[in-house]
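What follows is one structure encoded as structure tokens, with my remarks underneath.
No value in this document is a laboratory result; all are computed from the given coordinates. Please read all numbers here as calculations on a predicted model, not as lab measurements. Cβ sites come from the backbone with ideal geometry, for glycine too, and all protein chains shown count toward neighbours.
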Amino acid sequence: MVENVYDLVIVGGGAAGLMAAAWITEHYKNIPEKPSVLLLEKMYRPGRKLNITGKGRCNITNTRMWDEFSVHIHPNKQFFKNAFYGFSSHDTMDFFTGLGLALSVERGQRVFPKSMRAMDVTDALVDTIRSGRIVEMKTDSTVETIAKEENFIVKYGGGHTVLSKRLLIATGGLSYPSTGSSGDGYAMAISVGHSIVSCRPSLTALIPSGYTEADGSLSSLAKSLSGLQLKNVSVSLMVNGNIVQEEFGDLDFTTSGLEGSLGFRISRKAVEALDFGQKVAVVIDLKPALSVQQIQQRIKREAAIGNNTVKYLVSRLLPAKLVNPFLLLNKQLVRVSSAEAAEQLPQLLKNFRFNILSYVGFERCVVTNGGVSLKEISQKTMESKIVEGLYFAGEVLDLDGDTGGYNLQIAFSTAVLAVQSALQQTL
Ligand SMILES: Cc1cc2nc3c(=O)[nH]c(=O)nc-3n(C[C@H](O)[C@H](O)[C@H](O)COP(=O)(O)OP(=O)(O)OC[C@H]3O[C@@H](n4cnc5c(N)ncnc54)[C@H](O)[C@@H]3O)c2cc1C
């Protein structure tokens, strides 16, 4: 039995769905004629993923202007341009400060709530929606199927049915399924004729060979490396022996593998290559500011004043935690004379190599690469080109960004554009 007819149903109460609902609430609060809107969220509480973003601090957005911002958008930055200009990172900041959330801009132009609590971001959106009473929000309400006749028929929560003139799918991707984002939106999109660009984990840890033992436990190499944070290093991603990406920044070794901003940045191409069965390696220049000659001179100076064992020289050039793993991975150094080792060291420091065996999957990656094909969506409105009145926003789309606040801005900009377009047509 149909329980109600709405102007718009929003499926998913994550970053995109909550922004869509909060924007509607704010926009229509002083307009007499209000739309009827229902938000359906699968989990008991909305915004579960939002609460764990930015290591619990939530990197809301990034203040870079389009030319610099767009470099971080994949696979089609042009598709995102219209949505970004309609609701930019500065609009995001104005929106949240308007809701009473103080923000601060940090290194790399990343924006965080001043409180450094991701939950404050979720609360700002949820409180706005609940107190505004324009959008009805139902949690613990999984949407099971959608269909289109004259209106959309939305079945949810094991036996409920509502109709809606417009429908927004904001169900997220496949990453961190424990937060509720388990790819349901793809099945909904397919059921009404859309195609999905195959999905892969992105912004995920790369697992070097030798990192785990045959029984799956961490190897002694992994144990000695994990916790190491390399600052200001250069990294080359090699695929089948060719450099395909070069980056500079900070690289972290964790119990999962190579992470940190550099590890994440190269993970997109690395995962794709591994999936295609290609050979992947990461080569780290541990001394990018020094030439081989400069390192050689430094080694000579060190050898002249201290003892000239290889271990001593390496310890003068690398962080303490890296000395043993570096020697373990460059066993040839202990077989040659100290003078020969000193000769070889500069090249080895500039070419510290890890062959990559695999990567951490959807269960713990930050974002999904792939999703609803952008070819089937209007970039001017976020409306489906296949089903009139159907809109998409956020990670469910084949659109993702690097770390730095780009993914949440994708969710916010596409959500606002989608509801602006959807409600323009109904009211
Ligand atoms: C650990 C981690 C840290 C991150 N940190 C940052 C960061 O600091 N900055 C940044 O920009 N990005 C960050 N991201 C990425 C960012 O969180 C996502 O890209 C963003 O949340 C996507 O928003 P979304 O609304 O599309 O999807 P989600 O936020 O995943 O929301 C989708 C919602 O839909 C609901 N849902 C799914 N299926 C159904 C259904 N059938 N019926 C009803 N509801 C359904 C889900 O329960 C979920 O609440 C991080 C991601 C992770 C995993």
Between Thr255 and Lys300, what is the label-to-label distance in nm when each label sits 7 Å out along the Cα-to-Cβ direction? 4.7 nm
Nonlocal amide H pairs with Ser358, under 5 Å, H built at 1.01 Å: Ile207
Using the Kirkwood formula on alpha carbons, the hydrodynamic radius of the chain in angstrom works out to 23.3 Å
Within the chain: Cβ-based charge dipole about Cα centre, in debye rounded to nearest 20 (Lys, Arg +1; Asp, Glu -1): 1420 debye
Determine Rg/Rh for the range 166-265; Rg is computed over alpha-carbon atoms and Rh is the Kirkwood hydrodynamic estimate from the same atoms. 1.10
Classify the range 63-115 as rounded, prolate or oblate from the Cα gyration tensor: take a ≥ b ≥ c as the square roots of its eigenvalues, call it rounded if a/c is under 1.5, otherwise prolate when a/b beats b/c and oblate if not. oblate
Distance cut-off 30 Å, Cα to Cα: go down the list Lys49/Lys114; Lys165/Lys380; Lys34/Lys380; Lys34/Lys114; Lys42/Lys165 and report the pairs above it. Lys34/Lys114
Helix 15-28: inclination vs the chain longest Cα principal axis, degrees, rounded to 10, gives 40 degrees
Cα-based Rg (one decimal) and Dmax (whole number) for the range 334-410, in Å? 23.3, 74
Would you work out which of Asn351, Gly394, Val283 lies farthest towards the positive end of the dipole of the chain, given +1 charges on the beta-carbon of Lys and Arg and -1 on that of Asp and Glu, about the Cα centre? Asn351
For Ser337 and Ser291, what is the calculated FRET efficiency with R₀ set at 22 Å and r taken between the beta-carbons, to the nearest 0.05? 0.35
Hey, how much of the P(r) for the range 205-360 falls beyond 28 Å, as a percent of Cα pairs? 21 percent
Inter-part distance where the range 208-234 and the range 385-419 are each reduced to a Cα centre, Å: 35 Å
Separation of alpha-carbon centers, the range 293-338 and the range 92-160, rounded to whole Å: 54 Å
What does the highest-first list of 169-176, 2-9, 203-210, 370-377 look like by mean Cβ count within 10 Å? 169-176, 203-210, 370-377, 2-9
Taking R0 as 22 Å, what FRET efficiency do you get between Asp215 and Leu357 from their Cβ-Cβ distance, rounded to the nearest 0.05? 0.90
Taking the Cα centre of the range 205-360 as origin, sum charge times position over the Cβ atoms of Lys and Arg (+1) and Asp and Glu (-1), and report the length of that vector in debye to the nearest 20. 540 debye
Which order do peptides 14-25, 382-393 fall in by mean Cβ count within 10 Å, highest first? 14-25, 382-393
Taking R0 as 41 Å, what's the FRET efficiency between Ile386 and Arg117 from their Cβ-Cβ distance, rounded to 0.05? 0.50
So, with +1 on the Cβ of K and R and -1 on the Cβ of D and E, and no other charges, what is the size of the charge dipole of the range 331-403 about its Cα centre, to the nearest 20 debye? 440 debye
Given the candidates Thr414, Ala205, Ile129, the one whose Cα lies deepest towards the positive end of the charge dipole of the chain, counting +1 at each Lys or Arg C-beta and -1 at each Asp or Glu C-beta, is Ala205
